[in-house]
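Below is one structure, written out as structure tokens, with a few remarks after it.
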Amino acid sequence: MHPSKPQTLLLLIRCVCGLVILRVALLFYEWLLCCISSVFYLLAHLQRANVRKEVFHKSKLHAEDAFERKNYAIAAGWYNTAIKESPCDATLLSRRSLCYSLAGCGNAALSDAQACVCLRERITQMQ
């Protein structure tokens, strides 16, 4: 037996509604995947930032320890590592300049001292 026209129309409406619901569900699924991907990206970024902070702090501590032991070349090397993690830290440049000076590396000491002064001037201008 064939369905009547109203029944056919009702079936068609149900199919269309089902397709709309399916499309909405797919859009939600895609959105959810995008959100999850963003969360993983942010977590990875935060983890890298934490690792960089840890490298910075450990390098700075090693540099200060080497400086206290008068191992100026080693201290300068540790300051290099710390500066890679925080290149706009004028104090690190100043400390590395002192290490270079005490290690007898006058040109490197002068270069760092000039960079330190330039950086501090920029920071002062920004404030």
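The values are calculated or read from the model by the stated rules, or taken from the named source; none is laboratory data. What you see is a predicted model, and the numbers here were worked out from it, not measured in a lab. Cβ: placed from backbone, ideal geometry, glycine included. Neighbour counts: every protein chain shown.
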Check your understanding: When both residues are 6+ apart or on different chains and their Cβ atoms are under 7 Å apart, which pairs have a first residue that lies in the stretch 43-63 and is within 15 Å of Pro87 (Cα to Cα), and a second that is of a type in the set (Gly, Ala, Ser)?
Key -> Phe56/Ala82; Phe56/Ser86; Ser59/Ala82; Lys60/Ala82
Practice item. Test Ser86 against the criterion of being closer than 30 Å to Ile123 by Cα, modelled with pLDDT of 95 or more and not hydrophobic (A, V, I, L, M, F, W, C), and give yes or no. Key: no
Check your understanding: Regarding Ala115, is this residue at pLDDT 95 or above and part of a helix (DSSP H, G or I)?
Key -> no
Practice item. Sort out which residues of the stretch 72-96 are out of contact with any Leu (no Cβ under 6 Å at 6 or more places or on another chain), buried (at least 17 other Cβ atoms within 10 Å of the Cβ) and over 23 Å from Cys118 (Cα atoms), and write them in order of number. Key: Ile74
Practice item. Just give me the residues in the stretch 71-112 being outside any helix (DSSP H, G or I) and closer than 24 Å to Asn50 by Cβ, in sequence order. Key: Ser86, Pro87, Cys88, Asp89
